[in-house]
Amino acid sequence: MTDRDETNIVKNPARRKLLSSGLIAGGAAALGGVFSKSAIAAAPDPLITEIQDWNRYLGDGVDAAPYGVPSEHENDTIRRNVAWLTADEKASINFTPLHRLDGIITPNGVCFERHHGGKAVINPADHRLMINGLVDTPLVFTMEDLKRFPRTNRAYFLECAANGGMEWKGSQLNGCQFTHGMIHNVMYTGVLLKDILAEAGVKSSAKWILPEGADASHMSRSIPLEKAMDDCMIAFAMNGEALREEQGYPLRIVVPGWEGNMWIKWLRRIEVGDKPWHHREETSKYTDLLKSGKSRRFTWEMDVKSIITNPSPQAPITHGKGQTVLTGLAWSGFGKIKRVDISLDGGRNWQPARIDGPSWDKSLHRFYFDFDWDGSELFLQSRAIDEDGNVQPTKNELRAARGGNSIYHNNGIQTWHLRPDGSAENVEIS
Ligand code: MTE
Ligand code: CO
């Protein structure tokens, strides 16, 4: 805005008045009378009729923030941890604020973090990726070397196998950030792992790979070669910019649809072998303890799942009854989401939600359910169905199948109790 524009607006109250009455008429017509209050209010709204500070004064120039950050009014859109969950924040987790986001892409600054030995800080010039084991030629790549391979761009969700683990025995944490926030969904740029492995030449006896991190936990996980050759990526960028340090800068492996713990960050080595390596964590991580005392092993795919993000305990309805947008996320480690159903009465009746935005393999899907809330209490649930026909189970169905001892792979249907005052609470319906 120039100085002259500024003066014009301030000195021309007549024009201002005209503009505001125009807005009023236009607003009411466009909305078709759906919204009862505000637009045709008798008392003039000073936010429409009066000059505000942000109209009056010049704002910051272009270089005020060389790297931009969200408005201060969005300062609730932050990762949060739950202090009692882990003994130490270096081997801990925080959660994505799902209730503050829309669409399907998680902004880089709020992707949940899970570190076993704290965040490694690495100068990319000093970073190396070694490929060794059952290969014709063991190789070491610099970041520059890796960026000379053909690139690919793909959006995938990453979900920690323990997402929702605290909810196995009953509803516990009051907010989708805490019950479902060990997930993020970003657009990765990188190279296909199969191209890197081909460069080294994988021997015919090879069946497994072992990616290893350069962080203090030296975390490593066994991955079947078949998966490595299918859709695994070596990623150096997320959402158009370099990986964040929290997410493994400068390099991480992407293992689409599979447990988050396999997505090794700060990736420095991939060993090729003919059998899985047995790690202490691995025997527990890939295993779900069943009621019978036996366990399920090698449960890598993340099951079909969904969550209503709004309304939810951290995001109550504040506008009162009437036209309401319910929204949430659905995903499946087996591919695309085909359908999401919504229940307002705790699972007795179901209606289809509207999936909007891209429907990509092993990526978050955004759904909306637009309804007229009569102001009565509701028991909100969402149920996802993927393209393979997998249906998200109720929590009781899940417990009947797996018992109560597991903490991994909880994809049970979540219930929010919406009260007449618009607040919501995490509950279970039996
Ligand atoms: N890789 C390394 N090197 N060190 C780690 O602690 N944590 C794993 C995985 N990769 C981890 C790692 C776990 S358990 C998960 S759920 C994901 O990274 C979390 O990825 P994020 O921090 O990008 O959310
Ligand atoms: Co994890």
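The values are calculated or read from the model by the stated rules, or taken from the named source; none is laboratory data. It should be emphasised that the depicted structure is a prediction, and the values quoted were computed from it without experimental measurement. Glycine gets a Cβ as well: all are built from the backbone with ideal geometry, and neighbour counts include every protein chain shown. With ligands, DNA and RNA removed, areas are computed over all heavy atoms of the protein, side chains included. Shrake-Rupley method; radii C 1.70, N 1.55, O 1.52, S 1.80 Å.
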Counting only residues that are surrounded by 19 or more Cβ atoms within 10 Å (Cβ to Cβ) and not aliphatic (A, V, I, L, M), the stretch 132-153 contains a total of 2
Matching residues in the stretch 213-253 (under 21 Å from D303 (Cβ atoms), crowded, with 24+ Cβ neighbours inside 10 Å and within 16 Å of ligand 2 (Cβ to nearest atom)) number 1
Just for strands (runs of 3 or more DSSP E) wholly inside the stretch 312-430: which have at least 2 residues that are in contact (Cβ under 8 Å) with a residue 24 or more places away in the chain and among the polar types (S, T, N, Q)? 322-331, 378-386
In the stretch 92-109, the residues that are surrounded by fewer than 20 Cβ atoms within 10 Å (Cβ to Cβ), modelled with pLDDT of 95 or more and not in a loop (DSSP other than H, G, I, E, B): R100, N108, G109
Scanning the stretch 154-181 for residues that are surrounded by fewer than 19 Cβ atoms within 10 Å (Cβ to Cβ) and assigned to a helix (DSSP H, G or I), which turns out farthest from the chain's Cα centre (by Cα)? M166
Given the structure, is F371 crowded, with 18+ Cβ neighbours inside 10 Å and either outside the structural domain of Q172 (by TED's automatic domain parsing) or touching a Pro at 6+ places or on another chain (Cβ under 7 Å) (or both)? no
Please pick out the residue among T318, T309, T327 that is within 18 Å of G422 (Cβ to Cβ), modelled with pLDDT of 95 or more and in contact with a helix residue (DSSP H, G or I) (Cβ under 6 Å, 6 or more places away or on another chain). T309
Quick check: is even one residue across the stretch 282-302 within 15 Å of ligand 2 (Cβ to nearest atom) and modelled with pLDDT of 95 or more? yes
Out of I385, I355, sole residue that is open to solvent by 20 Å² or more (accessible area, probe 1.4 Å) and β-branched (V, I, T): I355
Just a yes or no: is a residue in the stretch 79-87 among the β-branched types (V, I, T) and within 15 Å of N174 (Cα to Cα)? yes
Quick check on the stretch 210-220. Is at least one of its residues more than 15 Å from ligand 1 (Cβ to nearest atom), among the acidic types (D, E) and modelled with pLDDT of 95 or more? no
Residue under evaluation H365, criteria (1) at pLDDT 95 or above; (2) under 19 Å from V427 (Cβ atoms), criterion not met: (2)
Out of everything in the stretch 153-187 that is within 15 Å of ligand 2 (Cβ to nearest atom) and aliphatic (A, V, I, L, M), what residue ends up being farthest from D76 (Cα to Cα)? A161
Pairs needed: first member in the stretch 249-265, free of Cβ contacts under 8 Å to residues at least 24 places away in the same chain; second member anywhere, near ligand 1 (Cβ under 10 Å from one of its atoms) and open to solvent by less than 10 Å² (accessible area, probe 1.4 Å); C-beta distance under 7 Å; at least 6 residues apart or different chains. R252/L243; R252/W263; R252/I264; R252/L267
Within the stretch 224-255, residues away from ligand 1 (no atom under 11 Å from the Cβ), farther than 15 Å from L129 by Cβ and in contact with a Phe, Trp or Tyr (Cβ under 9 Å, 6 or more places away or on another chain) come out as P224, L225, K227, D231, A237, N239, A242
When the residues of the stretch 182-212 are narrowed to those that are of a type outside the set (A, V, I, L, M, F, W, C) and outside any strand (DSSP E or B), which ends up least open to solvent (accessible area, probe 1.4 Å)? G201
